[in-house]
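A.B. asks: Here's a structure for you.
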Amino acid sequence: MTARVRAGGKVWQLTDAFTFNEEIRPLPEPRPGEVVVHPTAVGICGTDLHAWRGRLDRLPIVPTHDGIGIVTNVGPRADPALRGARVVIDPVDQCGTCASCRAGHPGVCLVGGYLGMTVDGLLAERVALPAARVVPVPPSVGDDAATVLEPVAIGFRIRAEIAARRITPGTALLIGGGPLGLLIGQLLAHDGWLVTIEEPSAERRARAHNLGLAASAPGEHSGWRATLVVDTSAVEPGTRAALAAAVPGALVILLGRSPADVPAGDILLREIDLLGIRGGAGHYADALAAVANGTLDPASLVDEMHEINDLGDLEKAFSSHDRPIPPLRSVLHLP
């Protein structure tokens, strides 16, 4: 099958745990319905760190998926007005016609993939991809904010799932106080949910408090009774805590790729609605609007910025997350 996403020019590729290499590939040309993007800034999220530490199904791969760039070339049947535009990239590569896409599940497109995880991502001089995957960025949204849009888009996907189930705002518990938990928590609080973040790090709990969200340490409160639980932790204790906190009939959403076994008896006997969400496909315009109008400020979660010119810069940026208090989010500015 011909690749739908193609990285070219100078490309940084993850070949093994903690190991990058640099390749020079041919610059990609746009096919019909495609654009070529020059990535200018990308974010390092938890998934990128899992990949860097070796927890990924596919290696080698060009990592990162949350980023902004400039459209440098436009193929036939793509909007010529996109040339020169600042755009964010929806990382869910989808065909729009397979059974999964037609059923409303583009995140598991049968012929697509996910940038930086199953298909090449954005750590490259140029990336060719379908024009439908890019969304123009208004001038009021800065580059750093645009590298933290995936959590916001996922928040809008969660909002859509809540609306489809006609769930009335009540008590929401989010497991994990990273960018996903904090931004989704703010969006839910904006919608009238009583939100608490459960997070082991005191520093991250303080970040939640500064954003107007309640926060507690794991085990600090017993007997949670939440009608909505969102697990962003990607660790087994977090998933167990999420299921334990759900009231009968609650909606439990799994975002992190946790190795936990899900207890079927608990799901059955409490009639829990368990939902896995892989990305916020189709909600990047919503995410941009929420940032542009001031509802959310994802740039406030960026703790570090790195200028990336060579492999040493790249390795230093990823290694900065392996310390007792890692940055909440890092942004890599690309040449």
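The values are calculated or read from the model by the stated rules, or taken from the named source; none is laboratory data. Because the structure is predicted, anything quoted here is derived from the model rather than measured. FYI the Cβ positions are ideal-geometry reconstructions off the backbone, even for glycines, and counts take in every protein chain you see. Keep in mind that these areas ignore ligands, DNA and RNA; they rest on the heavy atoms of the full protein, side chains included. Shrake-Rupley method; radii C 1.70, N 1.55, O 1.52, S 1.80 Å.
A.B. asks: What's the number of the only condition in (1) in contact with a strand residue (DSSP E or B) (Cβ under 8 Å, 6 or more places away or on another chain); (2) open to solvent by 50 Å² or more (accessible area, probe 1.4 Å); (3) within 15 Å of ALA132 (Cβ to Cβ) that GLU29 fails to meet?
C.D. replies: (3)
A.B. asks: Oh, and also: Pick from ALA242, ALA287, ALA281: which is within 18 Å of THR171 (Cα to Cα), of a type in the set (A, V, I, L, M, F, W, C) and touching a residue at least 40 places away in the same chain (Cβ under 8 Å)?
C.D. replies: Values: ALA287 fails: within 18 Å of THR171 (Cα to Cα); ALA281 fails: within 18 Å of THR171 (Cα to Cα).
The unique qualifying residue is ALA242.
A.B. asks: Against the conditions (1) at negative phi; (2) modelled with pLDDT of 90 or more, where does GLY116 fall short? Just the number, please.
C.D. replies: Unmet condition: (1).
A.B. asks: Could you identify the single residue in ARG257, ARG329 that is touching a His at 6+ places or on another chain (Cβ under 8 Å) and of a type outside the set (Val, Ile, Thr)?
C.D. replies: Details: ARG329 fails: touching a His at 6+ places or on another chain (Cβ under 8 Å).
None of the other options fit; the residue is ARG257.
A.B. asks: Next question. Applying the selection to the stretch 250-275, what residues are open to solvent by less than 60 Å² (accessible area, probe 1.4 Å) and of a type in the set (Asp, Glu)?
C.D. replies: ASP273
A.B. asks: What tally of residues in the stretch 276-322 results from selecting those that are open to solvent by 30 Å² or more (accessible area, probe 1.4 Å) and closer than 30 Å to ALA264 by Cα?
C.D. replies: 2
A.B. asks: Continuing with this model, one more query. Quick one: in the stretch 2-26, of everything that is surrounded by fewer than 17 Cβ atoms within 10 Å (Cβ to Cβ) and among the small types (Gly, Ala, Ser), which residue is nearest to ILE89 (Cα to Cα)?
C.D. replies: ALA3
A.B. asks: Got at least one residue in the stretch 72-92 being touching a Gly at 6+ places or on another chain (Cβ under 6 Å), within 17 Å of VAL37 (Cα to Cα), open to solvent by 50 Å² or more (accessible area, probe 1.4 Å) and not in a strand (DSSP E or B)?
C.D. replies: Yes, because at least one residue in the stretch 72-92 is touching a Gly at 6+ places or on another chain (Cβ under 6 Å), within 17 Å of VAL37 (Cα to Cα), open to solvent by 50 Å² or more (accessible area, probe 1.4 Å) and not in a strand (DSSP E or B).
A.B. asks: Can you spot a residue in the stretch 33-41 that is without any contact (Cβ under 8 Å) to a residue 24 or more places away in the chain and either surrounded by 14 or more Cβ atoms within 10 Å (Cβ to Cβ) or under 21 Å from VAL135 (Cβ atoms) (or both)? Spell out the reasoning first.
C.D. replies: So the first thing to find is which residues in the stretch 33-41 are without any contact (Cβ under 8 Å) to a residue 24 or more places away in the chain, and the list is none.
No, the stretch 33-41 contains no residue that is without any contact (Cβ under 8 Å) to a residue 24 or more places away in the chain and either surrounded by 14 or more Cβ atoms within 10 Å (Cβ to Cβ) or under 21 Å from VAL135 (Cβ atoms) (or both).
A.B. asks: I'd like to verify a number: residues in the stretch 66-84 that are in contact with a helix residue (DSSP H, G or I) (Cβ under 7 Å, 6 or more places away or on another chain) and within 27 Å of PRO179 (Cβ to Cβ), how many?
C.D. replies: Step one: of the stretch 66-84, the residues in contact with a helix residue (DSSP H, G or I) (Cβ under 7 Å, 6 or more places away or on another chain) are 66, 68, 71, 74, 78-79, 82.
If we keep only those that are within 27 Å of PRO179 (Cβ to Cβ) too, we end up with 66, 68, 71.
Adding up the residues that qualify gives 3.
A.B. asks: Scan LEU213, LEU188, LEU194, LEU228 and give me the residue that is within 17 Å of GLY256 (Cα to Cα), aliphatic (A, V, I, L, M) and touching a residue at least 12 places away in the same chain (Cβ under 8 Å).
C.D. replies: Working: LEU213 fails: within 17 Å of GLY256 (Cα to Cα); LEU188 fails: within 17 Å of GLY256 (Cα to Cα); LEU194 fails: within 17 Å of GLY256 (Cα to Cα).
Selected residue: LEU228, the only one of LEU213, LEU188, LEU194, LEU228 that is within 17 Å of GLY256 (Cα to Cα), aliphatic (A, V, I, L, M) and touching a residue at least 12 places away in the same chain (Cβ under 8 Å).
A.B. asks: If a residue has to be under 13 Å from the mean Cα position of the chain (by Cα) and either closer than 23 Å to MET305 by Cβ or acidic (Asp, Glu) (or both) to count, how many in the stretch 155-181 make the cut?
C.D. replies: Number satisfying all stated conditions: 4.
A.B. asks: Could you pull out the residue among GLY265, GLY282 that is of a type outside the set (Val, Ile, Thr) and within 15 Å of the chain's Cα centre (by Cα)? Steps first, answer last, please.
C.D. replies: Details: GLY265 fails: within 15 Å of the chain's Cα centre (by Cα).
So the residue among GLY265, GLY282 that is of a type outside the set (Val, Ile, Thr) and within 15 Å of the chain's Cα centre (by Cα) is GLY282.
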